[in-house]
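Q: Structure incoming, see below.
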Amino acid sequence: MRRPVSVPQVLVLLAALAAPATVLDAQRGAAAPNLTAAEPMGPVENLTAYPVPPEGFNIARDNFPHGEVKLVEYESRTLGIRRPLRVYTPPGYSTARRYPVLYLQHGLGNTSTEWVQRARAPIIADNLIAEGKMVPMIIVFPSGNATATAADEKQGDRTQASYGQPYQDDLLKEIIPFVEANYPVSTDRANRGIAGMSMGSGQALNIGLSNLDKFDWIAVVAPAPNTRPPAELLTDTAALNRLKLFWLSVGNRDALYRVAQGVHNLATEKRVTHIWRVDTNAHDPGAMSSNFYHFAQKLFK
């Protein structure tokens, strides 16, 4: 069992996420701060409408058809390096039809495998599609670290130069055009969504809310302190309320709970339509899986 997080641990993490300083990557053996709060940081909310997913929701079923996840590479002229990308194509995938596309960002210190392996998003998607609850879609799992290469996905660099503007430029100028050139995806905003976890949620909010002409669906789980101040992101209520989905979620045992809460509070104050879901998870794959299960069913409908 993980120990409760202490206040100093949270402060250290906030500094590491917000400041342009290099921090050792937990995947390379350094100890990461515990992001489980000692006590619930708020009440559970909206669990009647979006309850804990049913047992087995993230377990592969032999009697269901399965999609495929492939690791592909692309040349990023913006960054000047060759980059990795994972792409999920749904069961029955055919180049003869057009699919909506979701760009799903991972958390700090992880790679594009986080949603695939830890959160089991492809398995959840297979199950939901087989049950007729989810629109078949292509899901793109980019490397959210702009210094990650095809030869080395795991990077210890946690600076803004890795996860900030350079990644945004790569996503908009390289990744999306690459996907649209190589997969049968619809290219209008109504069929394009962006989502994430932790640092990836900060990226999804920063990029999605600043490019409402490109994304009609935004879903975030447990956003981290790289999220820009809500007042900078929630500027045009009318434009925001044209979004087909604005999903905002967090666990009440998440030590970074207040980041999501700050976005929710201002969105509520400005009367920005959004779905706010708080469960009992911490900053962990459980929050990712349970929220993906719910917001994936709402996308592109």
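The values are calculated or read from the model by the stated rules, or taken from the named source; none is laboratory data. All values reported here derive from a predicted model rather than from experimental measurement. Positions of Cβ are backbone-derived with ideal geometry, glycine not excepted, and every protein chain shown enters the neighbour counts. What goes into the accessible areas is simple: the full protein's heavy atoms, side chains included, and nothing from ligands, DNA or RNA. Shrake-Rupley method; radii C 1.70, N 1.55, O 1.52, S 1.80 Å.
Q: Kindly establish whether Glu55 is open to solvent by 80 Å² or more (accessible area, probe 1.4 Å), within 30 Å of Tyr167 (Cα to Cα) and of a type in the set (Asp, Glu). If you could, list the steps in order and put the result at the bottom.
A: Numbers: open to solvent by 80 Å² or more (accessible area, probe 1.4 Å): yes; within 30 Å of Tyr167 (Cα to Cα): no; of a type in the set (Asp, Glu): yes.
In short, no.
Q: Just need a number here: residues in region 80-95 that are open to solvent by 30 Å² or more (accessible area, probe 1.4 Å) and either assigned to a strand (DSSP E or B) or at pLDDT below 95 (or both).
A: Here the count works out to 3.
Q: Return the total of residues in region 240-288 being part of a helix (DSSP H, G or I) and open to solvent by 10 Å² or more (accessible area, probe 1.4 Å).
A: 11
Q: Would you mind finding the one in Tyr74, Tyr103, Tyr50 that is at pLDDT 95 or above and closer than 19 Å to Asn127 by Cα?
A: Result of the check over Tyr74, Tyr103, Tyr50: Tyr50.
Q: Does Pro136 satisfy being under 17 Å from Phe300 (Cα atoms) and in contact with a Pro (Cβ under 6 Å, 6 or more places away or on another chain)?
A: yes
Q: Still on this structure: Check whether at least one residue in region 180-199 is of a type in the set (Val, Ile, Thr) and touching a Leu at 6+ places or on another chain (Cβ under 6 Å), and report yes or no.
A: Scanning region 180-199, I find no residue that is of a type in the set (Val, Ile, Thr) and touching a Leu at 6+ places or on another chain (Cβ under 6 Å), so the answer is no.
Q: Quick one: would you say Ala219 is closer than 20 Å to Asn34 by Cα, crowded, with 16+ Cβ neighbours inside 10 Å and of a type outside the set (Phe, Trp, Tyr)?
A: Here the answer is no, as Ala219 does not meet what is asked.
Q: Filter region 237-264 down to the residues that are free of Cβ contacts under 8 Å to residues at least 24 places away in the same chain and not aliphatic (A, V, I, L, M) and list them by number.
A: Result: His264, single match.
Q: Can you name every residue in region 186-198 that is closer than 13 Å to Lys214 by Cβ and either aliphatic (A, V, I, L, M) or touching a His at 6+ places or on another chain (Cβ under 6 Å) (or both)?
A: Ala190, Ile194
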